[in-house]
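Bear in mind these aren't lab numbers, they're just calculated from the coordinates by the rules spelled out. Since the model is a prediction, treat every value here as computed from it, not as a measurement. Using ideal geometry, Cβ is built from the backbone for each residue, glycine included, and neighbour counts are taken over all protein chains shown.
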């Protein structure tokens with residue numbers, strides 16, 4: 001499996017942030033059939049964010065719904081990342097894939113709002129994005145869409161920082177070719 005940017009992105013300490021809120025995106029009932037009957041368990045996909053550029057997702061699994069939600073919240077808090085924003089939108093287009101789910105994020109002008117489905121909307125609103133255009137393609141499984149969205153948010157770069165990085169690479173290439 002390829003390495004994911006979201007898994008290797010610099011994590012943010014949740015104790016340093018105030019106003020973290022969570023939202024449950026999905027609760028699934030999972031049944032394992034055994035010789036003694038069906039063993040029911042629950043999965044909960046939870047997003048945690050402060051609305052100011054920090055967001056994380058977590059998939060908690062347990063025998064009861066409240067336990068799975070609590071585990072999802074804990075995992076999401078451990079996986080908080082910083083999302084660079086330009087005003088109320090993202091700085092540039094992003095197109096990413098996770099499994100068979102594709103996500104396209106495009107910056108939008110002020111007043112557009114969050115044009116997205118339920119899964120993407122929950123993540124983007126918790127991240128603090130107020131104006132964005134999105135398109136989910138391929139498989140619309142909420143877990144894969146959430147991971148593809150987080151992959152897209154982790155791949156966003158600030159234009160100024162990226163320009164400096166490219167200038168350094170260009171200078172290094174010029175020095176190396178002499």
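Helix 159-176 versus the longest principal axis of the chain: what angle, 0 to 90°, nearest 10, using Cα atoms?
Between the helix axis and the principal axis of the chain, the angle is about 60 degrees.
May I ask you to derive the FRET efficiency for residue 67 and residue 8 from their Cβ-Cβ distance with R0 = 22 Å, giving the value to the nearest 0.05?
Efficiency, rounded to the nearest 0.05: 0.15.
With everything on Cα atoms, drop me the angle between helix 142-154 and the longest principal axis of the chain, reported from 0 to 90° to the nearest 10.
20
Taking the highest mean first, how do the peptides 26-37, 50-61 order by number of other beta carbon atoms within 10 angstrom per residue?
Averaged packing, sorted descending, gives the order 50-61, 26-37.
Translational D (Stokes-Einstein, µm²/s) of the stretch 1-134 at 4 °C and 1.567 mPa s when Rh comes from the Kirkwood sum over C-alpha pairs?
81
What is the angle, in °, between the Cα long axis of helix 65-78 and the longest principal axis of the Cα atoms in the chain? Nearest 10 is fine, range 0 to 90.
With both axes taken from Cα atoms, the answer is about 20 degrees.
I'd like the projected area of the stretch 74-178, averaged over all directions, using the convex hull of its alpha carbons. Report it in nm² with one decimal.
Value for the stretch 74-178: 8.3 nm².
Fully extended, how many nm does the chain gain between residue 34 and residue 99 (0.36 nm per residue separation, minus their Cα-Cα distance)?
Difference between extended and current length: 20.5 nm.
Which of 107, 159, 91 moves most in a GNM of the chain, Cα contacts under 10 Å?
Top of the fluctuation ranking is 159.
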